[in-house]
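The values are calculated or read from the model by the stated rules, or taken from the named source; none is laboratory data. On a predicted model such as this, the values are computed, not experimentally measured, just so you know. Note that we place each Cβ from the backbone using ideal geometry, even for glycine, and neighbour counts take in every protein chain shown.
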Amino acid sequence: MSGSDAARLRFAQTLGPDATSSHSIVNLGSPCFCTLLQRAKSPLAANHRLRMYHRQSSSKPPAAQVMRQTESPGEANVDTADVETAQLTHMDAQGRAAMVDVGGKAPTRRVASARATVLLGATAFRLLRDNQLAKGDALAVAQLAGIMASKCTATLIPLCHPLPLDHTSVSLQLDPARHAAVVTASCRTTGRTGVEMEALTAAAVAALTLYDMCKAVSHDIIITEVRLLHKTGGKRDFHHLP
């Protein structure tokens with residue numbers, strides 16, 4: 001027996017008794033096996049171990065060695081408990097839209113704030129800043145529009161509950177670097193459901209009002225970054241981390 005044949009035999013013995021049977025997937029005399037043997041002796045094999053599943057019935061790798069096929073590397077740290085318990089509250093058992101029954105909840109003090117950004121462009125921003133728009137004081141009009149909109153949220157959003165608002169405030173700050181106006185709206189109530197929709201509606205309508213006041217100068221105005229900043233007083237608080 002030559003040295004190469006002895007090496008092949010020793011390699012086959014490490015695969016178990018099935019390696020030398022007629023049903024083995026390894027052919028000791030084939031060029032492919034010789035290539036595998038040469039690679040096993042090379043330094044590269046020390047860093048890249050070759051796992052051979054010599055039983056045809058064993059097609060599933062060990063679970064500890066392989067990530068679940070249903071998740072990608074970016075999803076490995078996702079809390080599946082949050083995903084499994086999340087559900088839409090504005091749906092009934094048949095999947096139809098429904099208003100949430102909040103009658104069983106105790107009234108609590110609820111607060112929410114939202115923001116919207118209006119990118120005006122250089123010309124419209126300058127006229128707004130200098131109060132030279134043809135329609136008048138756009139900042140004051142937008143502020144009033146936002147406050148009025150917060151009180152009409154249940155009329156605009158079909159499944160929102162009408163809420164008695166304790167207070168609504170809308171402020172606008174100018175951002176010269178971006179030629180933008182930043183709208184911030186805050187709402188407070190004492191009730192059984194939150195006021196995030198009132199705050200979001202106030203910010204969005206104030207931004208739309210700025211668009212209306214400035215559209216004679218430019219239609220290339222972008223309303224963006226409409227989002228909730230924080231809410232407290234409900235089942236779960238929320239705070240946006242910039």
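Quick test of your reading of the structure: residue 116 fulfils all but one of (1) at pLDDT 95 or above; (2) not assigned by TED's automatic domain parsing to the domain that holds residue 202. Name the failing condition by number.
(2)
Where residues in the stretch 93-113 are at pLDDT below 95 and of a type in the set (A, V, I, L, M), which of them is farthest from residue 188 (Cα to Cα)?
Checking each candidate, the answer is 93.
In this structure, does residue 240 turn out to be farther than 21 Å from residue 119 by Cα, surrounded by fewer than 18 Cβ atoms within 10 Å (Cβ to Cβ) and touching a helix residue (DSSP H, G or I) at 6+ places or on another chain (Cβ under 8 Å)?
When the stated conditions are applied, residue 240 does not pass them.
Which number in (1) in a loop (DSSP other than H, G, I, E, B); (2) more than 26 Å from the chain's Cα centre (by Cα); (3) closer than 16 Å to residue 167 by Cα marks the one condition that residue 219 misses?
Only one criterion is unmet by residue 219, namely (3).
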